[in-house]
Structures are given as C-alpha cells and as structure tokens.
1. Quick test for you: out of Ala44, Ala95, Ala32, Ala67, pick the one residue that is within 30 Å of His191 (Cβ to Cβ) and aliphatic (A, V, I, L, M).
2. For the range 99-115, state whether one or more residues are open to solvent by 70 Å² or more (accessible area, probe 1.4 Å) and of a type in the set (D, E, K, R).
3. In the range 49-95, which residues are surrounded by 13 or more Cβ atoms within 10 Å (Cβ to Cβ), of a type in the set (Val, Ile, Thr) and under 23 Å from Glu11 (Cβ atoms)?
4. Pick from the range 154-178 the residues that are more than 12 Å from the chain's Cα centre (by Cα) and of a type in the set (Gly, Ala, Ser): which of them is nearest to Gln135 (Cα to Cα)?
5. Tell me yes or no: at least one residue of the range 191-208 is under 28 Å from Thr36 (Cβ atoms), surrounded by fewer than 20 Cβ atoms within 10 Å (Cβ to Cβ) and charged (D, E, K, R).
6. Looking at the range 174-190 only, could you name the residues that are of a type outside the set (A, V, I, L, M) and modelled with pLDDT under 85?
7. What's the number of the only condition in (1) at pLDDT 95 or above; (2) within 25 Å of Leu176 (Cα to Cα) that Arg92 fails to meet?
8. Give me the residue from the range 125-145 that is closer than 22 Å to Met163 by Cα and in contact (Cβ under 8 Å) with a residue 24 or more places away in the chain and, out of that set, surrounded by the most Cβ atoms within 10 Å (Cβ to Cβ).
Amino acid sequence: MKQTPDFDIAETVALNLDFTGRTPLKVAVYTALRTTILNGEIPAGTRINESVLSDKVRISRTTLRFALQKLHKERLLEHSPGKGMIVRGITRKDAYEIFAIRKSLDCLAAVTAMYKMTDEEFDELEQILIRMSRQPDRLAELFTEFNEFIYEKSQIIRLKDTMINIQNYLSYFRDLSAHSQQRRKDAIEDHRKIFCCMKQRSENQLKLQIEQHLDAALLCIVKEMDELNSVAL
C-alpha cells in the first residue's frame, strides 16, 4: 500500500480549501478532498488518517467523516477493515464510463446548440478556436471554454448541471491528454471540425466527429494512466 505522510496530505488538502464563501464547512472540506483526489494529488492506495488529517487542517472529525462518507459513496475512497479509508482514485473503468456519458451529453449539447446559435455566436466560438492555435499554453483552459460555450448555447439547464457533476474528472483527463504533444495538435483540429459541422448544421457528421474526438482522447488518456500506474509500481 502506498504510504504518503499525513502531513503532506493535509497540506495539499488545505491548499484546495476555500473558507471565503458561504459554503458550509463540511461541504467545503468534501469539495477540497474531492478536488485533491481527482487531480491526482493524493496517490491511489494512500490511507486517510482521520485523526492526523483533522488535527492538521483544524477541523472536527465529524466534519471530516461527512466528507469521507460522501467520497466513499462516489467510490473515490474505499473502506479497508482495520485500515480505514483508502484513496481509490480514478481507474480505467472510470475513464470508460465517464467518456461514454460525455459522448451522449456532448452530442446532445452540440446538436441542440447549433440550431439555436446566431451568426454572431458562431463568430464568438470561432474566436476560441483561433486562440487555441495562438495560445498553446492555455489549451486545456480553452478546450473547457469551447465546450462550456456550446453547453450554454444549448440552453438546456439540466444538461449543464449534469456536466458539472463530472467536471473534476474531465479536468483530470484533459490534463493527462495534454501531456501528448501530438494529441494536443489533433485535438485542436478536432475542435475545428466540430465547429465546421455545427456551422453547417450537419447533424450526423457532427455526432460522428464528436465520437471520434472523444475516442481518440480516451485512448490517449488510458495510455497515460497505464504509464503513471507502471511508474507508481
């Protein structure tokens, strides 16, 4: 089992804690832990020492347990008899499930949006594409901006809410795929093709392009995950 010092875990979690808003403390702690795990900042196999972590972050164990139980239900943590909560992290199975969900959501959002968008809005979306080529250091951020623009223009409120639930997973996956220089170039071209299909209102081609784009991204991500796991072993 991976043994990471509890002090390091506490420091990392503390960096993601936001006490500035009106969010209840137990929710803020849950969000910070969830973000930390999804970002890969706590390695899979790490044991969460409730006593040490609550002391270091200066929260009650009751507050911490609320967060741990929620993360356990989300399968980001698993309970090991005699050891407590262990970080499960993100697996290949998670990646395949998330991308299957995302295919459906992205196709629905893009197809709906393309029939509602004005010429001016297509111009705005094209500007994001242009920035992808000019600002390669911001690619992950611009890919997110491109997708969020489409979701917003679809005007399907609950669709956006559903996407928020897997946003941390997607951020983690985008960071992984960004490690490949070739994938970065291919992804820019994929987004350009998606834009063209939307502007031409070619529904079947749009769905095909989105599926091909996500299949290629998944392949790259799984490869990166396998390499990270081999290094950890």
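The values are calculated or read from the model by the stated rules, or taken from the named source; none is laboratory data. Nothing here was measured: the structure is a model prediction, and the numbers come from that model. As a convention, Cβ positions derive from the backbone with ideal geometry for all residues, glycine included, and neighbour counts pool all protein chains shown. When the accessible area is computed, the model is the full protein with side chains, heavy atoms only, and any ligands, DNA or RNA have been set aside. Shrake-Rupley method; radii C 1.70, N 1.55, O 1.52, S 1.80 Å.
1. Ala95
2. no
3. Within the range 49-95, Val52, Val57, Ile59, Thr63, Ile86, Val87, Ile90 meet the criteria.
4. Ala178
5. No, the range 191-208 contains no residue that is under 28 Å from Thr36 (Cβ atoms), surrounded by fewer than 20 Cβ atoms within 10 Å (Cβ to Cβ) and charged (D, E, K, R).
6. Arg174, Asp175, Ser177, His179, Ser180, Gln181
7. Answer for Arg92: the failing condition is (1).
8. Once the filter is applied, the top-ranked residue is Phe143.
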